[in-house]
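Reviewing the structure listed below.
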Amino acid sequence: MTVKTALTVSMIKAKILAIIGWFFGVPLLVVFIATLPGVKEDFDLGLTLFTLVLLSPFIYAIVCSWKIKARIKRYKLYVTLISLHDMTKAAELAGHLHKTQAFVEKDLQVMISLRYFDNALYDPKNNEIVISNKNYTEMLAQANKDAPTKEVTCQNCGGHNRIIIGKVVKCKFCGTFLE
């Protein structure tokens with residue numbers, strides 16, 4: 001699965017959860033409010049609790065949708081920080097995001113397992129994300145040192161890559177072909 005596919009699947013999952021949550025949750029919320037004391041003359045605690053129990057999964061679906069969308073937003077920020085500022089240490093990323101280092105470590109590991117990053121792994125010994133693109137580094141090593149290069153921004157993930165003009169390479173962050 002490519003990075004673009006993984007991000008698309010996550011976004012679709014978030015949208016489906018949001019639609020289900022809002023579509024069923026709003027009517028149940030109206031019923032729940034209608035069963036509260038003071039709104040209804042003959043208050044029935046059983047009906048209020050039953051409605052709350054039915055409402056819970058839809059609230060959970062909405063919250064999960066928000067979390068997925070937030071993760072995708074953080075992914076784009078991580079790519080920017082890694083590609084533009086060469087921040088690979090969890091502590092640096094955590095400081096920039098105003099999150100704990102433990103949160104960033106877990107977040108990066110989840111994103112790697114969900115295939116948001118191509119050719120990446122999390123190094124717990126050094127507390128950093130390691131992104132390697134074997135083809136890219138081999139190409140640069142074989143290239144003439146005088147060959148003109150340019151920096152391009154990946155259309156898919158927004159990562160910044162330095163490439164040799166006229167060569168097609170994969171983005172070192174998501175694997176999309178660049179030229």
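Quick check for you: which residues of segment 52-82 have the amide N under 20 Å from the point 7 Å beyond the Cα of Lys13 toward its beta carbon? It comes to 57-79, nothing else.
Rounded to the nearest 0.05, what FRET efficiency do Phe43 and Phe23 give with R0 = 25 Å and r taken as the Cβ-Cβ distance? Could you check? It comes to 0.35.
Here the sum of -39500 (n - 2.57) over DSSP H runs of 4 or more residues, divided by the residues of the chain, equals -20000 deg cm²/dmol at 222 nm, to the nearest 500.
Looking at this model, which pairs from Lys76/Lys99; Lys13/Lys99; Lys13/Lys67; Lys15/Lys76 are more than 20 angstrom apart at the alpha-carbon? Correct reply: Lys13/Lys99.
The convex hull built on the alpha-carbon positions of the chain has an orientation-averaged projected area of 13.5 nm². Net charge in the neighbourhood of Asp123 (other residues with Cβ under 12 Å of its Cβ; Lys, Arg +1, Asp, Glu -1) is 0.
Using 0.36 nm per residue and subtracting the Cα-Cα separation, the extra length available between Phe177 and Asn126 on full extension is 15.4 nm. Summary value for segment 3-131: 25 percent relative contact order, contacts being C-alpha pairs under 8 angstrom separated by 6+ residues. Once each of the trypsin sites (Lys or Arg not before Pro) sitting in a DSSP loop with at most 11 other beta-carbon atoms within 10 Å is removed, the chain keeps 1-124 as its longest stretch. Within the shell defined by Cβ-Cβ distances under 13 Å, the residues around Ile12 carry a net charge of +4, with Lys and Arg each +1 and Asp and Glu each -1. In this simple spin-label model, placing a label point 7 Å from the Cα along the Cα-to-Cβ direction at both Thr153 and Lys73 gives a separation of 1.9 nm. Here the chain is assigned +1 on the Cβ of each Lys and Arg and -1 on the Cβ of each Asp and Glu. Its dipole about the Cα centre then comes out at about 480 debye. Cysteine residues of the chain whose C-beta has no other cysteine C-beta under 4.7 angstrom: Cys64. Available extension along the chain between His85 and Lys106 is 5.5 nm, counting 0.36 nm per residue and deducting the alpha carbon span.
Bear in mind these aren't lab numbers, they're just calculated from the coordinates by the rules spelled out. Note that the structure is predicted; figures quoted are calculated from it, not measured. With ideal geometry, Cβ positions are generated from the backbone for all residues, glycine too; neighbour counts draw on all protein chains shown.
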